[in-house]
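Input: a single structure, listed below in structure tokens.
The values are calculated or read from the model by the stated rules, or taken from the named source; none is laboratory data. What you see is a predicted model, and the numbers here were worked out from it, not measured in a lab. So basically every Cβ, Gly included, is an ideal-geometry build from the backbone, and we count neighbours across all protein chains shown. The area values use the complete protein model at the heavy-atom level, side chains included, leaving out ligands, DNA and RNA. Shrake-Rupley method; radii C 1.70, N 1.55, O 1.52, S 1.80 Å.
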Amino acid sequence: VNRSPCEGTIMKKVYSPGLFLNATLDKASEDNERMALRMTTTSGKDVAFVQIAGLVARRIVCKIAPGDMLKTGERIGIIRFG
């Protein structure tokens, strides 16, 4: 389960298809499938965070959409096995 790192509004959501390499490899963060989210915090700062799939956890589920307001620790999605 992935949770919001801070409170704010989601401004952008970008999905990038990719590979399913072992997460311990350096190139996994660039080559693996991922979902990037950009948030503007309540204090006006921009924050970006990314869900990255791996060898075992391969299915990114993210039901958050641009315009959604989140609180710190609120669930943004999950990366499922299989």
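Looking only at the range 3-30, which residues have a backbone nitrogen under 11 Å from a spot 7 Å from the Cα of Arg75 in the C-beta direction?
Backbone N within reach: 3.
Given the -39500 (n - 2.57) contribution per DSSP H run of 4+ residues, what per-residue ellipticity at 222 nm results for the chain, rounded to the nearest 500 deg cm²/dmol?
Calculated at 222 nm, the ellipticity per residue is -500 deg cm²/dmol.
Considering Cα pairs under 8 angstrom that are at least six residues apart, work out the relative contact order of the chain and quote it in whole percent.
Once normalised by length, the contact order is 40 percent.
Would you please give the residues with an amide H less than 5 Å from that of Met11, counting only those at least 5 places away or on a separate chain, with H modeled from the backbone geometry?
It is Arg38, Met39, Thr40, Gly67, by chain and number.
With all protein chains present, how much of the accessible area of the chain (probe radius 1.4 Å) comes from carbon and sulfur, to the nearest whole percent?
Here carbon and sulfur together make up 53 percent of the probe-accessible area.
For log10 I(q)/I(0) by the Debye sum over Cα atoms at q = 0.13, 0.25 Å⁻¹, pick the label among [x] -0.35, -1.37; [y] -0.40, -1.13; [z] -0.55, -1.15 that corresponds to the value derived from the coordinates.
Among [x] -0.35, -1.37; [y] -0.40, -1.13; [z] -0.55, -1.15, the one derived from this structure is [y].
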